[in-house]
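The values are calculated or read from the model by the stated rules, or taken from the named source; none is laboratory data. Not measured: the values here are computed from a predicted model. Cβ placement follows ideal geometry from the backbone for every residue including glycine, while neighbour counts extend to all protein chains displayed.
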Amino acid sequence: MKRLLFLISFLPSLALAQTSQEYLYRANDLAKQKKYTEAIADFTQSIKKDTNNTKAYLYRGNAYTNLKDSLDNAKAIADFTQVLRTEPRDGTVYFYRANAYASTRDYADAIKDFTTSIELGYKKVDIYH
């Protein structure tokens with residue numbers, strides 16, 4: 001009987017446990033509403049639940065760049081770099097990281113990443129500005 005009561009007492013907490021994907025979905029909804037600070041918190045929770053969730057790193061990096069602070073851009077660069085460790089041929093990520101580098105006035109690294117992005121086939125008019 002005690003075991004049954006013990007198990008029943010944990011059921012509500014199990015129902016509230018969120019997965020990495022659930023945090024990711026909620027964070028994306030918050031980012032769409034331009035609630036970037038709250039979105040970053042949920043992207044971080046998503047990463048804690050699954051450290052291999054490259055989308056969470058990518059989206060958190062994008063959220064950091066929307067905060068427009070040089071410290072946040074440094075965090076974005078770290079997140080984009082993490083994505084590139086597992087997806088080194090993704091020109092889009094190089095483009096995002098290049099913009100973050102440019103925002104921190106690290107133009108040498110920005111140019112390298114813009115160049116790599118182009119070499120990998122990323123085709124967007126903004127890349128040439």
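Residues of the range 18-35 include none that is modelled with pLDDT under 95 and loosely packed, with under 14 Cβ neighbours inside 10 Å. Of all residues in the range 92-129 being under 17 Å from the mean Cα position of the chain (by Cα) and more than 13 Å from residue 58 (Cα to Cα), which is surrounded by the fewest Cβ atoms within 10 Å (Cβ to Cβ)? Checked the range 92-129; the qualifying residue surrounded by the fewest Cβ atoms within 10 Å (Cβ to Cβ) is 99. Does residue 112 fit the bill of being at pLDDT 95 or above, assigned to a helix (DSSP H, G or I) and closer than 22 Å to residue 38 by Cα? In short, no.
When you look at residue 79, is it among the acidic types (Asp, Glu), within 21 Å of residue 51 (Cα to Cα) and outside any loop (DSSP other than H, G, I, E, B), yes or no? Considered against the rule, which asks whether it is among the acidic types (Asp, Glu), within 21 Å of residue 51 (Cα to Cα) and outside any loop (DSSP other than H, G, I, E, B), residue 79 comes out as yes. Number of residues in the range 20-57 that are more than 23 Å from residue 87 (Cα to Cα) and part of a loop (DSSP other than H, G, I, E, B): the value is 3.
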